[in-house]
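The values are calculated or read from the model by the stated rules, or taken from the named source; none is laboratory data. These figures come from a predicted structure and were not determined experimentally. As a convention, Cβ positions derive from the backbone with ideal geometry for all residues, glycine included, and neighbour counts pool all protein chains shown. Note: accessible area is taken over every heavy atom of the protein model, side chains too, but ligands, DNA and RNA are not part of it. Shrake-Rupley method; radii C 1.70, N 1.55, O 1.52, S 1.80 Å.
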Amino acid sequence: RGGYVLRISQLRKMVVFEPKKKVTGELEELDRRSMSKVGKIHQTVFSPDGSHVVGFMVRRPDIAGMVKRPDVFLALDSFVVNDLGLVVSRADGMDDKARARLGLAWEKCLIWEGMDAKTVDGHELGWVGDVEFDAKTGLVSLFFVGDGGLSESLVGNVEIPLGMLRGYSKGCMIVADEAAHLELDGGLAAKAGEGYAKAKIQGKAAGEKIGKAAGNA
């Protein structure tokens, strides 16, 4: 996983497994019979300053298809990837043990995805739809901000570098005023050479602190 970048959208809904018993061989080579399903990744957890991915919230299957169970936290450094999905690679890789090992200020951790993004002077840019980060260190490189709808598919989204991040305030990501002047990138219209570079992006989805989003799991 080290040495390359990922987007959180690439991991969303991936299935997480854990070995049924202590493993002495290579985790990557385990088959499904030797693993139990934990659940599916559905949210990415960021450090309190928002600059690093620290792990993921894993949604567990309902009991008997009816009773919902709280999510579990999976640390970024605690899994390997095989053909079936992600396999938990250490005994202290999830929940309280992982949080304690990483020294996380849990109630201050953030979930950027779905959060409104605004400049320091209050200009609305849209909402965070994706984030690019280093697979090994978790360091964020880009935030992708758009409206999540048809207009985004046409005109693309704004790629905001980590250096423009100014923090979190009242349910919003706060970025430098200069971000309002970044050009849209990645849309169908942009690829076709249409003049949508200055289209206005608006977002209505609100993000929230990890304590609420994860149900204090």
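A64 meets the conditions (1) of a type in the set (G, A, S); (2) exposed (fewer than 15 other Cβ atoms within 10 Å of the Cβ); (3) within 25 Å of V5 (Cα to Cα) in every case but one. The failed one is (3). Within segment 97-140, the residues that satisfy the criterion of being touching a helix residue (DSSP H, G or I) at 6+ places or on another chain (Cβ under 6 Å) and not aliphatic (A, V, I, L, M) are R99, W106, E107, C109, T119, D121, H123, D130.
Checking the condition of a type in the set (A, V, I, L, M, F, W, C), crowded, with 16+ Cβ neighbours inside 10 Å and in contact with a Lys or Arg (Cβ under 9 Å, 6 or more places away or on another chain), which residue from A135, A117 passes? Can you show your working first?
Details: A117 fails: in contact with a Lys or Arg (Cβ under 9 Å, 6 or more places away or on another chain).
Step by step, each of A135, A117 is checked, and only A135 is of a type in the set (A, V, I, L, M, F, W, C), crowded, with 16+ Cβ neighbours inside 10 Å and in contact with a Lys or Arg (Cβ under 9 Å, 6 or more places away or on another chain).
A count restricted to segment 74-103 and to residues that are open to solvent by 40 Å² or more (accessible area, probe 1.4 Å) and part of a loop (DSSP other than H, G, I, E, B) stands at 8.
Yes/no matrix, rows are residues, columns are (1) within 22 Å of L110 (Cβ to Cβ); (2) modelled with pLDDT of 50 or more; (3) open to solvent by 60 Å² or more (accessible area, probe 1.4 Å):
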{"site": "L154", "(1), (2), (3)": "no, yes, yes"}
{"site": "I160", "(1), (2), (3)": "yes, yes, no"}
{"site": "R166", "(1), (2), (3)": "yes, yes, yes"}
{"site": "S169", "(1), (2), (3)": "yes, yes, no"}
{"site": "E194", "(1), (2), (3)": "no, no, yes"}
{"site": "K200", "(1), (2), (3)": "no, no, yes"}
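Screening L110 with (1) buried (at least 19 other Cβ atoms within 10 Å of the Cβ); (2) in contact (Cβ under 8 Å) with a residue 24 or more places away in the chain; (3) out of contact with any Lys or Arg (no Cβ under 8 Å at 6 or more places or on another chain) gives one miss only, at (3).
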